[in-house]
Amino acid sequence: MSAAGTPTDPTTAPESTTMSVDVTWTPAWDRTEGEERARALFASVYGTAPAGVWSAPGRVNLIGEHTDYNGGLALPIALPHRTYAAVSRRDDDVVRLVSAQEPTGVREVRLADAVPGAVTGWAAYVVGVAWALREAGHAVGGFDLAIDSCVPFGAGLSSSAALEASVAVALDALHDLGLAGTVDAAGAATDDAGRSTLAQVCVRAENEMAGAPTGGMDQAASLRARAGHALLLDCLDGSVQHVPFDLAAHGLALLVVDTRAEHSHVSGEYAQRRASCEEAARRLGVGTLREVADDPQAAARALAALAAGEDGDLLVRRVRHVVDEIARVGEFVTHLGTGDVTGVGPAMDASHDSLRDDYEVSCRELDLAVDTARASGAHGARMTGGGFGGSAIALVDAGAVEGVAQAVADAFAAAGLHAPAFAVAVAGPPAG
Ligand code: GLA
């Protein structure tokens, strides 16, 4: 998954620069390569050609972290890195699945047996989508599937949502569900309402079948994003706006640092953060924290009320992050709107500091990546995604990409940490 060199085009593997340590890049495959890989895997395993190949992107979130399950705002972009699913329908209710990333061979699951808790590992995300579609009343049957992906696994870049979304659009097409519509030449989806429904299906798969209590931003990004734009997602009502996001036009680039520090949303920390927010909302008598976030006076009263109760200090810090982070999304979008793109830097920095200090979801590797990027001239840097490992992003001058990556790689080596991997994020098209 790696190569070395100049990363201005996310689909090419750049030339190596010799400074202190080697810098590892994770280039995105172009669509033809990804589709051919999945098709070839399918043919080698099942002995026939698939009915088709569908794909879906991972994401980075620009800002608005741990806000989605609080009815807040988030601002992800779809990555050029995608998961490719070669799929054919079957006449029975058997799902056979194989992945180039999983050395376990072909797995087989009957949809009749696929209930929450019964399917383990990566198969739960795939079978979960079929299960959730059936739960929603769609007549989805068995299928053969082969997966290949250049979305780094476990890097906080939503490889699970990319997997779910690729399966969702495949099943939509194979069963004529009429939800996914098409993606036009400009990289825009034609049926956002249908995709919103598919995103909810994927969230059910992840929450109930895979047991990860995530909030929905990742699935929305993978299915509803638009090429060249950031997706302003309002998680209170599920509405979206597409905000132009063309960093190259401003001489800038978004560097992604995959720290390779392990993270998992099935583990307890993410669930604990979500539970704290729900407890705070319950004490405040509101449905979601969004209800106190949009009005500074209501937010101040809410924090004072929480401070007086049990675990007051902890809940205040959690809620303060959510309230401030929702405001930072607005600040970020305002800067983009005025063309003052580097003006988003302080909001990115404040977001990271709040995630580290108030929300406590950062880790040593993420902090080192962020601190080093800032010290090397990034306009702003922050962790992205759920945290506890995973990836950081840094807004840098286009000409500084390699230098910042080198500095981060050197800092990791000096600290005795596992070598990070780097990518350049350009806002790509959604699943299709
Ligand atoms: C993970 C979850 C998302 C979201 C982020 C934090 O990526 O899957 O739903 O909560 O963490 O913003």
*How far apart, in nm, are two points set 7 Å out from the Cα along the Cα-to-Cβ line at Thr120 and at Asp367?*
3.5
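Which FRET efficiency value, to the nearest 0.05, do you get for Ala298 and Ala413 by plugging their Cβ-Cβ distance into 1/(1 + (r/R0)^6) with R0 = 30 Å?
Working: r = 48 Å, r/R0 = 1.59.
The value I calculate is 0.05.
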*Would you work out what percent of the accessible area of the chain, with all protein chains in place, is carbon or sulfur (probe 1.4 Å)?*
50
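May I ask you to order 121-132, 409-420 by the average number of other C-beta atoms within 10 Å around their residues, highest value first?
121-132, 409-420
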*Note down the magnitude of the dipole of region 176-232 about its Cα centre, charges +1 on Lys and Arg C-beta and -1 on Asp and Glu C-beta and zero elsewhere, to the nearest 20 debye.*
120
_Point-to-point label distance, Ala398-Ala193, nm (Cα→Cβ direction, 7 Å offset)_ = 4.0
*Select from the chain the helices, each a whole stretch of DSSP H, whose alpha-carbon atoms run 15 Å or more along the helix axis and whose Kyte-Doolittle mean is at least 0.5; answer none if there are none.*
123-135, 159-174, 296-307, 401-414
*Pull up the DSSP beta bridges for the chain and report the antiparallel fraction as a percent, rounded to 5.*
85
*For region 54-165, what is the charge dipole size about the Cα centre, in debye to the nearest 20, if Lys and Arg each add +1 at the Cβ and Asp and Glu each add -1 at the Cβ?*
160
_Segment Ala275-Glu33, length gained on full extension (0.36 nm per residue, minus Cα span)_ = 82.9 nm
*Please work out the FRET efficiency for the pair His250 and Thr48, using the Cβ-Cβ distance as r and a Förster radius of 60 Å; give the result to the nearest 0.05.*
0.80
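Suppose the chain between Ser267 and Asp237 were pulled fully straight at 0.36 nm per residue; how much longer would it get relative to their current alpha carbon spacing? The partial results should precede the final answer.
Details: separation 30, 0.36 × 30 = 10.80 nm, distance 2.79 nm.
Length difference between fully extended and current span is 8.0 nm.
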*asked:* Run the simple label-point estimate for Ala185 and Glu310 please: 7 Å along Cα→C-beta, distance reported in nm.
replied: 6.3
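Answer rounded, prolate or oblate for region 269-399, using the Cα gyration tensor with square roots of eigenvalues a ≥ b ≥ c: rounded when a/c is under 1.5, else prolate when a/b is larger than b/c, else oblate. Provide the component values of the computation, followed by the final result.
On the way: a/c = 2.75, a/b = 1.59, b/c = 1.73.
It is oblate, given that a/c is not under 1.5 and a/b is not larger than b/c.
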*Find the accessible area per residue for the chain; the probe is 1.4 Å, ligands and nucleic acids are left out, and the unit is Å².*
37
*From the Cα gyration tensor of the chain, with a ≥ b ≥ c the square roots of its eigenvalues, which class applies: rounded if a/c is under 1.5, or else prolate if a/b is larger than b/c, or else oblate?*
oblate
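From the Cα gyration tensor of region 136-241, with a ≥ b ≥ c the square roots of its eigenvalues, which class applies: rounded if a/c is under 1.5, or else prolate if a/b is larger than b/c, or else oblate? Present the calculation step by step, with values, prior to reporting the outcome.
Numbers: a/c = 1.26, a/b = 1.09, b/c = 1.16.
Rounded shape, in that the Cα axes give a/c under 1.5.
The values are calculated or read from the model by the stated rules, or taken from the named source; none is laboratory data. Everything numeric here is computed off the predicted structure, so don't read it as measured data. We place every Cβ from the backbone using ideal geometry, glycine too, and count neighbours over all the protein chains shown. The area values use the complete protein model at the heavy-atom level, side chains included, leaving out ligands, DNA and RNA. Shrake-Rupley method; radii C 1.70, N 1.55, O 1.52, S 1.80 Å.
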